[in-house]
1. Might you let me know whether the range 77-97 holds any residue that is in a strand (DSSP E or B), in contact with a helix residue (DSSP H, G or I) (Cβ under 9 Å, 6 or more places away or on another chain), at negative phi and crowded, with 18+ Cβ neighbours inside 10 Å?
2. Restricting to the range 13-47, name every residue that is in a loop (DSSP other than H, G, I, E, B) and modelled with pLDDT of 90 or more.
3. Condition first: closer than 11 Å to residue 26 by Cα and in contact (Cβ under 8 Å) with a residue 24 or more places away in the chain. Can you find one or more residues in the range 65-86 that meet it?
4. May I ask you to list the residues in the range 88-101 that are in contact with a strand residue (DSSP E or B) (Cβ under 9 Å, 6 or more places away or on another chain) and free of Cβ contacts under 8 Å to residues at least 40 places away in the same chain?
5. Quick check on residue 26: is it under 17 Å from residue 100 (Cβ atoms) and surrounded by 14 or more Cβ atoms within 10 Å (Cβ to Cβ)?
6. Do we have residue 66 as surrounded by fewer than 16 Cβ atoms within 10 Å (Cβ to Cβ) and modelled with pLDDT of 90 or more here?
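The values are calculated or read from the model by the stated rules, or taken from the named source; none is laboratory data. Just so it is clear, the model here is predicted, and its values are computed rather than measured. Cβ sites come from the backbone with ideal geometry, for glycine too, and all protein chains shown count toward neighbours.
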């Protein structure tokens, strides 16, 4: 089944304002929790984690949290560590936010940083840079008398 906007134009519907607001509320609370807590888990001990985005389900009962460890190192292990502690994090979150339900949390690595780095390397390639450099206008199209 294809999701459409209320105007029926066939474009996929994005998150509602309610989902966006709830996602930002959860993101800010998680940032505070991760900043305050010192986990006994060796994969999370002393690691600084950025919560880049939180996407909420339409019923606001599930939250997908995109994270990036500082420096991008050991991202897979950090994500696994955070997912091991979702019950604890959800409990702390429930005391910090004012929502009817505290959402279930799922952590994923934010791949956008890796993709931005890949695109930056592409732009640095001399062949690509040559195509991006403005060329002087050519007069070859003019008729010769």
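1. Residues of the range 77-97 in a strand (DSSP E or B): none.
Checked the range 77-97: no residue is in a strand (DSSP E or B), in contact with a helix residue (DSSP H, G or I) (Cβ under 9 Å, 6 or more places away or on another chain), at negative phi and crowded, with 18+ Cβ neighbours inside 10 Å.
2. Within the range 13-47, the subset in a loop (DSSP other than H, G, I, E, B) is 13-16, 37-47.
Correct list: 16 only.
3. Step one: of the range 65-86, the residues closer than 11 Å to residue 26 by Cα are 65.
Next, from what is left, pick out any that are in contact (Cβ under 8 Å) with a residue 24 or more places away in the chain: 65.
Yes, the range 65-86 contains at least one residue that is closer than 11 Å to residue 26 by Cα and in contact (Cβ under 8 Å) with a residue 24 or more places away in the chain.
4. We begin by selecting, within the range 88-101, every residue in contact with a strand residue (DSSP E or B) (Cβ under 9 Å, 6 or more places away or on another chain); these are 89-90, 93.
90 - this is the single residue of the range 88-101 that is in contact with a strand residue (DSSP E or B) (Cβ under 9 Å, 6 or more places away or on another chain) and free of Cβ contacts under 8 Å to residues at least 40 places away in the same chain.
5. Values: under 17 Å from residue 100 (Cβ atoms): yes; surrounded by 14 or more Cβ atoms within 10 Å (Cβ to Cβ): yes.
Yes.
6. On the way: surrounded by fewer than 16 Cβ atoms within 10 Å (Cβ to Cβ): no; modelled with pLDDT of 90 or more: yes.
So residue 66 does not fit the description; no.
Let's see how each residue does on (1) surrounded by 13 or more Cβ atoms within 10 Å (Cβ to Cβ); (2) modelled with pLDDT under 95; (3) within 23 Å of residue 23 (Cα to Cα); (4) in contact with a helix residue (DSSP H, G or I) (Cβ under 8 Å, 6 or more places away or on another chain):
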site	(1), (2), (3), (4)
70	no, yes, yes, no
99	yes, yes, yes, yes
105	yes, no, yes, yes
122	no, yes, no, yes
130	no, yes, no, no
141	no, yes, no, no
